[in-house]
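Q: Quick one: structure below, then a few questions.
The values are calculated or read from the model by the stated rules, or taken from the named source; none is laboratory data. Computed from a predicted model, the values in this text were never measured in an experiment. Note: ideal-geometry Cβ built from the backbone for every residue, glycine included; neighbour counts use all protein chains shown. Accessible surface is based on the protein model in full, side chains and every heavy atom, while ligands, DNA and RNA are left aside. Shrake-Rupley method; radii C 1.70, N 1.55, O 1.52, S 1.80 Å.
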Amino acid sequence: MRILVVDDDPNKIRQLMQLIRSEFPDAEAEEQRSYQSGLKAALLNTPDVMLLDMTMPTFDVGGKEKGGRERRYAGRQVLHQLQRKRVETKVVVVTQFERFGEGPELITLDELRAELKREFPVNYVTTVFYQAADSQWMDSLREVLKSLVGPNMETDNG
Amino acid sequence: MLSNRAISTSRMPMRQRARPYTDPIFSGQALGSAVVQNLKRESLALLRYVLRSSPVKRVKLTGTPFPKTRKSLLDPIPTSFTDDLESELCWTAAVMLHHAEQINCFLREQGEFEASLLSGDFDSADEARRRALNDLHESYWGMETQFLLVECRDGFESNRDLLTSCLKEGEQYIREGCRNFLSLFAQLFSQRVEQNLSVSEYDHYCAFLKPTTDDQIAVKRMRGYLQFRLNYHTFDQFDLLPFVVHMEESHALIDRYNTFVRVLLTLAVTDSILVTSHRVSMALGALVAELDDSRLEVINSLTARRGSQTRDLPAALFAVMDCYTRGEYLRARDLSIDALREHPAMFELYEISAKATVRAGVSLSNPFRAGTFAYEILNALYHILARDADMPAALERLLQIAYQMDCCRVGIQLYAFHQQHARGRYPLSKDRGILLTANYPTPRLSLLLSDAEAAELYLSALDSTSSQNAAIHLFRTYWRSISDMSYHQAIVDVPESRECKFKAHALERMGQYEDALAEYRRLATFAEDTPSLSADAATGQYQCCIKLGRITNAADVLAEAVVLQPHLIPAGTLHEIVQYLGNAETDQKNIACPVLACSAQRESLSLDTDPIHDALDDFLTAWGVQRPSELVEFAGSFKVHLLTYLLRYACLPDVLDSSIWYSSQTEVEGERIRICEWLSELEPDNRDVFNREIAELTQLATMRELTHKVERSRVYVDASGIRQVLPESLRDRISRCLAFSRIKREELRQSFELSPAFEQLLEETKVLYIDEGFRIFRGLFDDIRAEFLSSTEYGLDSNLSQRIRHGTLAGEIRAQFEESHLVTLKDASGQYGENAYWIDELGPPDEERQRMCEILAQLSSRVDQTISVVRNEWIQIRSEAVPDGMFDYDFGPQQLHEPYQQVVKIHGDESFLDFVFDVLWQRTDENLHNVRAAIKNELRRLLFEALDECEARMGELAPPNAMSPFRVAITRCRTQLAYALESIADWFSIDHSQQIQDFPLPALVNSLLGVVSRCSGPSRLHVRSSIDDTKPVPGALFRGLWDLMFILLDNAAKHSKLESTNVDLTLEIGNGGLSVAVTNDLGKDVDHEAIRRVVDGIATPDIGVAVAEGVRREGGTGLLKLHKIIRHDLGANEDYLIDPMITNDGRFSVEISLGGVSQ
């Protein structure tokens, strides 16, 4: 199984990669840190599963690159592009936000889940709420990934 | 249908039927409520009889039609309410007919007043107004026209002066127990006529007038009435119209009449069947016969199916229409101008004059004095009909004039015209709004009729008064074609294009789309240089293609149209075609797809670039390329104008950065530069524009290089992003705020508070007065602050949330503890997992194991709780819900008064925004200082205490020799934590996106010379430079210096008239100042005298006017802009010298020295 992790928070990436390595040692895991590099990897390498942050800079930050504009809904834009290009990668959004937007545009995590499910029925799987101090998100993500791996992968692991 | 009672009484003599009403009146008794309601339901003839034959004045049945004082405007309503619009209208019609003579007098003088006002003859307007009011005395019309005159003639301060006196008068009446109408009307009249008040701002003021679902019926009706009177254009509660008519009974006759006509127009426009009811039709017929108001005639002629006889059609207007229809556009233009001079209040003439000018392809000849309403209206109509670049501004100004002139007939006409063109009217759509623009029945109004028979009746009536008119004939031919389902050719001589247009419309209306399409295509061949015809041809072809299911053809037609002229096709149509293209299996190689996606976004002013990216990406993929610049090898496959449009407007950095084929901002900008270079070849006329863009992109890249900030700073507000999304109306409010700040007499800034409960506003005897200027300032400050803090895209809270609060902060602090294995994670039940690492390391006896586990779990808990407090309580915008938030942006009235006092020194909206942002940045700085201190001190204390306590308690339980590694871990954690907290505290410093570190001058000059060699020409520059690199230059000066030196070098390349030009550049910094010298060769063809003349004006321009004018102008040498750059961007104020000259050896030299910049 090939898993792509797209997130701009190094601590979060570290924890996600740890989880993948410990739970799915045979999985090929790749990490990307921005909307652009994440989308490019998804379109060119078509991973089986993508763990995707919702808010990210446009480009990888580093060297002289400051990251371009911040994309509040980068995750949704990635999903939109996958759908448009008919790439069937399964996407799990892993976010640290409980709500998105402001004022009349404010939506809760549950509303976002429902919206993404409706808009991207082929790619979107679910959203996992990440908190640095909790292990619950790990349990949730573990379950989701296991359900996505399917019997073949479990046989491989076993 | 007549009621039984009506049938039984209809045969009685009038006198007898009137007795139930006239008898009490003769005996001086007021009629009871039920009797009045019955009276209002009677026929018009009986109503007129009662009014004519009984002393109704004695019982005040018709209120006070000619109030001697303004206090009488506050009298109660004289009759009872039927809640039946037909009855209220007929009653009012009878009263109007009863006073026909006075109304006709008023209409004559009102016409004079409007004509004089429009053409800027305010003295004549004032005289006409006085004559109109001579016998009619006080009225709200009189009051509003006075405000309008004063504002136009004497300015804003006089308007406020008049308002102050009205408010004082109103206050007096309130003390005497009257309702608060006078103050309310005065205040809103005063605002509505203001030059500086935007329409949206006025609507905002009037929002409280809008009836709500929670309103009691009496309040709802009153709100409805006031909204109709004071903010008609937002009125949509048509069920309240009966009360609107009824309420006006308490006011002066002319107010009552104006409202009555407006209600009738509203009914006619909304296609209400009421206007065709027997009673209303009768009333309309009588009114048309006795009153000299052509607007009534328009309504009557369109609603009376018998083809009413029209009278006195204005010969001048029909002559212009005739010429126009026959294609004699220049003559039509000239005739219309002559007619406008004589009839400046006839709106139809403005429209046809502008249309004729556009069709003739000549520049506008405006017969009015610049600055007058008439001048502005004709100008605006011309730009709107020409659909040129000034169209959006023209629409905005037209709507503002419509509001200002709401008390005039032309007000509602301007509004209706604006609505038609702002919404993008398709010629065949049955838009009844056109009716509001009419003063007279004209042929084109026949399009509002539902069938050919009615149209024929209407047009034949026109024909009988203005026979042989080509326009009438053309419309009759059109309708006869519809009736026969076969096109008849016009007999009169009309231009082929006009006949073609009518034929296409007729065929389309008949459903013969293939033939219609062919006609529209033919029409397009006539449409060159005639935007309105182009729009008709393009929209018609589009509609027919859609009906025939030819989506790609429809797209091609519209793409051609939008590329040739922006604003030609309304945004709604463009979005519609983009939708069709998305659903259909279209050829992705068709350049029309991305062009239309781009145009649709541009026309709707949407900032969302995703639809453009998707269409562009599909297009590039279809051509097998990744970047637009790679299309160069296929350039021959596209029409140049489509390709140019695509490259110029769709291939922008904000669109390209969504593509996966770029991995950095630098790559995106590099691609845009390549595109600009290509565009320079495709559109040599716009080379300067593209070169300027290349220079700006290079400047951005250089700035990024100079920032040396690889880490994204944590606290960030994109002030320039906020500026871009601030609504245009905010700038209008700023202008108004600045206008108030300049009023010296404080009492003139007073207004009465419009915000309290509606009921109180009308009835409350105590009125709260406020400083209107401060109120506007506070409103502006609050709105800008709200964007600064809460803008999803650009604001502070969003930034704090994304970059700090969620995860990053917790991760960074926790990481210091995790590294030493001191904390564990919570499970689903909220319990911390056992710290197996230290339990194994310490190996406690079984009896102590449980307690150790608890102590370590408590440490995890305390760390997470502390993080939670910092995240959820400290790093928050302070509010009622988060009182401990450290980002405190509360500004009490006292704190705002100080900046308000400084507003008087500000000129222009950009400076105002700078000023408010400065106040907010200053407060942000203070907040950040407090946050940094709290992290370094309070947070550090809390976390260290948790560590100390854990260490001490573990020490009590663990064997002393086993504790050593634990103590080492605690100490290491403390040290790392101290560093981490210092680092976290540093997140809380302001990162202005454009903040550049101090930089060496050679870095700037090298980048700049690269741009100049690529963009500037025609002369190639050979630059010998002497640059002081001993000390860095403050980062804040980067932009100013770049712009300044670009102008100097670009001028050398442009104006030296040499193939290759030697330039000597010297840059020095020191002693608190900076000096720049650029000297270049001049060709022998250069006119030295001309240069000297320019130079004399530049060295010491009349600062202020000259600089302000100069910086707005494009082209020329741009040298005047140097003053602006030096004064404002480089902050030198007056401390500078510009010395341009021609040297003795015939070279051009500019030396600039400025002080106080290197600090």
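Q: Within the range B:1050-1077, track down each residue that is modelled with pLDDT of 85 or more, within 19 Å of residue B:1088 (Cα to Cα) and open to solvent by less than 20 Å² (accessible area, probe 1.4 Å).
A: B:1061, B:1063 - these are the residues of the range B:1050-1077 that are modelled with pLDDT of 85 or more, within 19 Å of residue B:1088 (Cα to Cα) and open to solvent by less than 20 Å² (accessible area, probe 1.4 Å).
Q: Looking at (1) under 47 Å from the mean Cα position of the chain (by Cα); (2) free of Cβ contacts under 8 Å to residues at least 24 places away in the same chain, which is the only condition residue B:62 fails?
A: Of (1) under 47 Å from the mean Cα position of the chain (by Cα); (2) free of Cβ contacts under 8 Å to residues at least 24 places away in the same chain, only one is false for residue B:62: (2).
Q: Let me ask something else about it. If we scan the range B:678-690, do we find a residue that is within 14 Å of chain A (Cβ to nearest Cβ) and not in a helix (DSSP H, G or I)? Before the answer, list the steps.
A: Filtering the range B:678-690 for residues within 14 Å of chain A (Cβ to nearest Cβ) gives none.
No, every residue in the range B:678-690 fails to be within 14 Å of chain A (Cβ to nearest Cβ) and not in a helix (DSSP H, G or I).
Q: Counting only residues that are modelled with pLDDT under 80, assigned to a helix (DSSP H, G or I) and open to solvent by 30 Å² or more (accessible area, probe 1.4 Å), how many does the range B:702-725 have?
A: Narrowing the range B:702-725 to residues modelled with pLDDT under 80: B:702-721, B:724-725.
Now restrict to residues that are assigned to a helix (DSSP H, G or I): B:702-707, B:719-721, B:724-725.
If we keep only those that are open to solvent by 30 Å² or more (accessible area, probe 1.4 Å) as well, we get B:704-705, B:720, B:724-725.
The total comes to 5.
Q: Conditions: (1) under 20 Å from residue A:145 (Cβ atoms); (2) out of contact with any Asp or Glu (no Cβ under 7 Å at 6 or more places or on another chain). Residue A:4 meets all but one. Number of the miss?
A: With respect to (1) under 20 Å from residue A:145 (Cβ atoms); (2) out of contact with any Asp or Glu (no Cβ under 7 Å at 6 or more places or on another chain), residue A:4 is out only on (2).
Q: Okay, moving on. Considering only residues that are at the interface with chain A (Cβ under 10 Å from one of its Cβ atoms), surrounded by 18 or more Cβ atoms within 10 Å (Cβ to Cβ) and not in a strand (DSSP E or B), look in the range B:825-860 and name the one that is modelled with the highest pLDDT.
A: Selected residue: B:860.
Quick grid of which residues meet (1) within 14 Å of chain A (Cβ to nearest Cβ); (2) at pLDDT 85 or above; (3) farther than 23 Å from residue A:57 by Cα; (4) open to solvent by less than 40 Å² (accessible area, probe 1.4 Å):
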residue: B:777; (1), (2), (3), (4): no, yes, yes, yes
residue: B:787; (1), (2), (3), (4): yes, yes, no, no
residue: B:792; (1), (2), (3), (4): yes, no, no, yes
residue: B:799; (1), (2), (3), (4): yes, no, no, yes
residue: B:823; (1), (2), (3), (4): yes, yes, yes, yes
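For (1) free of Cβ contacts under 8 Å to residues at least 40 places away in the same chain; (2) of a type in the set (Ser, Thr, Tyr); (3) more than 26 Å from residue B:502 (Cβ to Cβ), each residue gets a yes or a no:
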residue	(1), (2), (3)
B:374	no, no, yes
B:403	no, yes, yes
B:419	yes, no, no
B:447	yes, no, no
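Q: Take the residues of the range A:31-40 that are part of a helix (DSSP H, G or I) and either open to solvent by 10 Å² or more (accessible area, probe 1.4 Å) or in contact with an Asp or Glu (Cβ under 6 Å, 6 or more places away or on another chain) (or both): which is nearest to the other protein chains (Cβ to nearest Cβ)?
A: The extreme case among them is A:40.
Q: All but one of (1) over 11 Å from the mean Cα position of the chain (by Cα); (2) within 20 Å of residue A:127 (Cβ to Cβ); (3) more than 13 Å from every other protein chain (Cβ to nearest Cβ); (4) free of Cβ contacts under 8 Å to residues at least 60 places away in the same chain hold for residue A:52, so report the exception by its number.
A: Residue A:52 satisfies every listed condition except (1).
Q: Got a sec? Which of B:545, B:598 is under 28 Å from residue B:658 (Cα atoms), in contact (Cβ under 8 Å) with a residue 12 or more places away in the chain, open to solvent by less than 20 Å² (accessible area, probe 1.4 Å) and not β-branched (Val, Ile, Thr)?
A: B:598
Q: Scan the range B:801-821 residue by residue and report those that are within 8 Å of chain A (Cβ to nearest Cβ) and either among the aliphatic types (A, V, I, L, M) or farther than 30 Å from residue B:721 by Cα (or both).
A: B:810, B:814, B:815
Q: Can I ask one more? Quick check: anything in the range A:82-91 open to solvent by 20 Å² or more (accessible area, probe 1.4 Å) and within 10 Å of the chain's Cα centre (by Cα)? Let's see the steps before the verdict.
A: Here is the first cut: in the range A:82-91, the ones open to solvent by 20 Å² or more (accessible area, probe 1.4 Å) are A:83-86, A:88, A:90.
Adding the requirement that they be within 10 Å of the chain's Cα centre (by Cα) leaves A:90.
Within the range A:82-91, one or more residues are open to solvent by 20 Å² or more (accessible area, probe 1.4 Å) and within 10 Å of the chain's Cα centre (by Cα).
Q: Of the numbered conditions (1) of a type in the set (D, E, K, R); (2) surrounded by fewer than 23 Cβ atoms within 10 Å (Cβ to Cβ); (3) more than 25 Å from residue B:145 (Cβ to Cβ), residue B:359 satisfies every one except a single condition; which is it?
A: Result: residue B:359 fails condition (2) only.
Q: What helices (runs of 4 or more DSSP H) completely inside the range B:377-488 contain at least 1 residues that are of a type in the set (Asp, Glu)?
A: Of the helices (runs of 4 or more DSSP H) lying wholly inside the range B:377-488, those with at least 1 residues that are of a type in the set (Asp, Glu) span B:391-404, B:452-465, B:470-484.
Q: Right, something else. If we keep just the residues of the range B:74-90 that are over 42 Å from the mean Cα position of the chain (by Cα) and open to solvent by less than 30 Å² (accessible area, probe 1.4 Å), which is nearest to residue B:240 (Cα to Cα)?
A: Out of the qualifying residues, it is B:80.
Q: Here's another thing I want to ask about it. If you go through the range B:906-920 one residue at a time, how many are open to solvent by 10 Å² or more (accessible area, probe 1.4 Å) and in a helix (DSSP H, G or I)?
A: 7
Q: Can you tell me which condition residue B:733 does not meet? The list is (1) buried (at least 19 other Cβ atoms within 10 Å of the Cβ); (2) of a type outside the set (Asp, Glu); (3) at pLDDT below 80, and all the others hold.
A: If we test residue B:733 against (1) buried (at least 19 other Cβ atoms within 10 Å of the Cβ); (2) of a type outside the set (Asp, Glu); (3) at pLDDT below 80, just (3) comes out false.
Q: Among helices (runs of 4 or more DSSP H) lying entirely in the range B:107-202, which contain 2 or more residues that are within 30 Å of the chain's Cα centre (by Cα)?
A: B:140-154, B:156-175, B:181-192
Q: Restricting attention to the range B:208-260, which residues are in a helix (DSSP H, G or I) and either acidic (Asp, Glu) or in contact with a strand residue (DSSP E or B) (Cβ under 9 Å, 6 or more places away or on another chain) (or both)?
A: Result: B:239, B:248, B:249, B:255.
Q: Shifting gears a bit: In this structure, does residue B:182 turn out to be open to solvent by less than 20 Å² (accessible area, probe 1.4 Å) and on the phi < 0 side of the Ramachandran plot?
A: Considered against the rule, which asks whether it is open to solvent by less than 20 Å² (accessible area, probe 1.4 Å) and on the phi < 0 side of the Ramachandran plot, residue B:182 comes out as yes.
Q: Name the residues in the range B:57-73 that are open to solvent by 20 Å² or more (accessible area, probe 1.4 Å) and either assigned to a helix (DSSP H, G or I) or not β-branched (Val, Ile, Thr) (or both), would you?
A: Of everything in the range B:57-73, those that are open to solvent by 20 Å² or more (accessible area, probe 1.4 Å) and either assigned to a helix (DSSP H, G or I) or not β-branched (Val, Ile, Thr) (or both) turn out to be B:57, B:58, B:60, B:65, B:66, B:68, B:70, B:71, B:72.
Q: Right, another one. Report the residue count in the range B:626-666 for those that are away from chain A (no Cβ under 14 Å) and part of a helix (DSSP H, G or I).
A: Matching residues across the range B:626-666 total 21.
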